[in-house]
Every structure is written in structure tokens, then in C-alpha cells.
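The structure that follows is given in the form of C-alpha cells.
Each reported figure results from applying straightforward, stated rules to the coordinates on display, with no laboratory input. Just so it is clear, the model here is predicted, and its values are computed rather than measured. When we count neighbours, we look across all protein chains shown, and the Cβ atoms used for this are built from the backbone with ideal geometry, even at glycine.
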Amino acid sequence: MKRNWRTTKKSGQSSSVAADEFFTTTGAAKHCRVGQEKILNWIRSKQLKASNVGEGDRPQWRISRQDLYDFLESRSNRTTDQVSASVGSSKIPKYV
């Protein structure tokens, strides 16, 4: 069973977004083969877009799959097709 993250739009309507469309900092670090602290540094320096879904003192970051791939592509000389082939994922969106 897939979990869904609930997001609220400004108009008060809510929509469901599949949880597999988002990475935690740990998941993003594993996917990028870097340390979690590197991901956090990219978020803190605003190089990588992320949303804080935590309540309280400790942030809990979620990174959309699209934002992570856009970030990786912007840091690479490779094309999206080459990135797709290197990570072996058919879930990477193709750009039209």
C-alpha cells in the first residue's frame, strides 16, 4: 500500500501526492551516493529545493523527485537521457 503525503493548496483544497515522488535527505543522499550532510548543505545554501514538513525544533526535509533531478542535471554536463541510464531508473521524467 502506497502512503500519500497531503498538501494543502492556498485555496483551501487539498490534493494527494504519492510518497514515492519525494525523497527524505537520507534517501536523496543514497540516490546521489553522497553523505546526508552534503544534501543538508545543498538545502541550507538554497542550491537544492526542499520543503520542511517537520513540526517543532527539528526540520524534516522532503525533496521532490523532479527538483532533485533538475538539481543534478544543472550540476552535470550530461543530458537527462545519460543521467537516466546511469541511475537505471525508468521513473526519471523525460523532457519534451
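Kindly list the number of the only condition in (1) in a helix (DSSP H, G or I); (2) surrounded by 13 or more Cβ atoms within 10 Å (Cβ to Cβ) that fails for Val34.
Evaluating Val34 over (1) in a helix (DSSP H, G or I); (2) surrounded by 13 or more Cβ atoms within 10 Å (Cβ to Cβ) leaves (1) as the failure.
Filter region 40-59 for residues that are within 17 Å of Lys30 (Cβ to Cβ) and in a loop (DSSP other than H, G, I, E, B); which is farthest from the chain's Cα centre (by Cα)? Before you say what the answer is, go through the steps one by one.
Keep residues of region 40-59 that are within 17 Å of Lys30 (Cβ to Cβ), which gives 40-43, 48, 50.
Subsequent filtering for residues that are in a loop (DSSP other than H, G, I, E, B) retains 48, 50.
Numbers: Leu48: 9, Ala50: 7 Å.
So, considering only residues that are within 17 Å of Lys30 (Cβ to Cβ) and in a loop (DSSP other than H, G, I, E, B), the one farthest from the chain's Cα centre (by Cα) is Leu48.
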